[in-house]
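Bear in mind that the values in this text are calculations on the coordinates, not laboratory data. This one's a predicted model, so the numbers in the text were calculated from it and none came from an experiment. Cβ placement follows ideal geometry from the backbone for every residue including glycine, while neighbour counts extend to all protein chains displayed.
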Amino acid sequence: MKLILNRPLVFFDLETTGVNIGTDRIVEFSFLKLFPEDSAPKTDLFTSGKMGEEIKTSLINPTIPIPPASSDIHGIFDKDVAGKPTFKEVANELKTFLENCDLAGYNSNKFDIPLLVEEFLRADIEFEIKGRNLIDVQNIFHKMEERTLSAAYKFYCFKNLENAHSAEADIKATYEILLAQIEKYENLKNDVGFLHEFSSRSNNADFAGRIIFDKNGKEVFNFGKHKGIPVEVVLQKEPSYYAWMMQGDFPLYTKKVLSEIKNRKK
């Protein structure tokens with residue numbers, strides 16, 4: 001079974017210092033880029049893969065210590081990333097690699113994509129998510145079976161997942177699982193746009209869910225004293241709320257969305 005691609009689709013996985021999108025950092029990434037048929041990949045010394053595929057994998061210096069609890073999970077320690085490039089140093093190359101690509105992963109809509117966007121923003125690089133198809137294989141799995149990645153791999157592919165929590169092993173397993181899901185379920189289509197819609201589970205305007213869309217498509221706050229109230233209304237009646245959020249411990253992407261709404265109103 002092949003995926004129907006109108007443009008490249010990139011499966012990716014991040015290993016990180018922790019699970020806080022606003023404060024944690026990437027320590028390893030791996031990207032598996034699939035090209036539409038008859039679209040030749042541009043390879044370089046840092047990529048590998050089969051015909052029609054590119055894989056880009058690298059350790060990243062997070063510039064902060066890696067907590068022992070995180071190292072116990074992915075096996076990456078401070079000594080492993082010493083001397084490796086920081087995300088800011090590879091950000092432009094990655095942005096080019098991901099240009100005009102749809103994105104896919106396992107729990108990616110909730111964690112990997114938000115954290116990736118935060119890293120780009122910290123590097124002062126705009127990485128636009130709007131207009132991309134985002135496929136979250138975990139959401140498809142949870143709708144169908146409710147299991148973990150290792151269990152999904154065993155259930156769909158009849159294999160044991162070796163080197164779990166290795167970024168490259170995880171993305172390859174995630175790719176195989178998606179293909180097996182399409183084979184197994186008649187109501188799934190091998191079309192990226194369909195899979196984007198099917199694997200979406202939230203109505204978030206930002207990744208953290210601080211701002212969501214109501215049933216009319218208007219952005220409303222989803223926390224605190226203004227929960228359920230349109231953002232534009234709050235910013236008009238209480239301008240200081242904008243300053244409070246911009247100075248607070250909110251993810252950079254949440255602040256970006258808030259600023260866009262504020263500037264749009266102007």
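Once the dipole of the stretch 9-199 is set up with Lys and Arg at +1 and Asp and Glu at -1 on Cβ about the Cα centre, which of GLY22, ILE64, THR148 lies farthest towards its positive end?
Value: THR148.
Picking from ASN139, ASN61, ASN203, which is most flexible by a Gaussian network model of the chain using Cα springs under 10 Å?
Of ASN139, ASN61, ASN203, the most mobile in the Gaussian network model is ASN203.
Return P(r) of the stretch 211-265 (all Cα-Cα pairs; 10 Å bins starting at 0; whole %; ordered from short to long distances).
24, 64, 12
Using the alpha carbon gyration tensor of the chain, what are the three equivalent-ellipsoid semi-axes (square root of 5 times each eigenvalue), largest first, in whole Å?
31, 23, 18
Pick out which of PRO65, PRO114, PRO251 has the largest mean-square fluctuation in a Gaussian network model of the chain, springs linking Cα atoms closer than 10 Å.
Checking each option, the largest mean-square fluctuation is seen for PRO65.
What percent of all Cα-Cα pairs in the stretch 177-250 falls in each 10 Å bin, counting up from 0?
Cα pair-distance distribution for the stretch 177-250, in percent: 17, 36, 19, 18, 11, 1.
Using the Karplus curve 6.51 cos²θ - 1.76 cosθ + 1.60 with θ = phi - 60°, what ³J(HN,Hα) values do you get for each residue of the stretch 18-35, in whole Hz, with x for Gly and Pro?
Once rounded to whole Hz, the list reads x, 10, 8, 4, x, 10, 7, 10, 7, 10, 7, 10, 9, 10, 10, 9, 9, 9.
Which whole number of Å³ per residue matches the convex hull of the alpha-carbon atoms in the stretch 150-195?
Once divided by residue count, the hull of the stretch 150-195 is 68 Å³.
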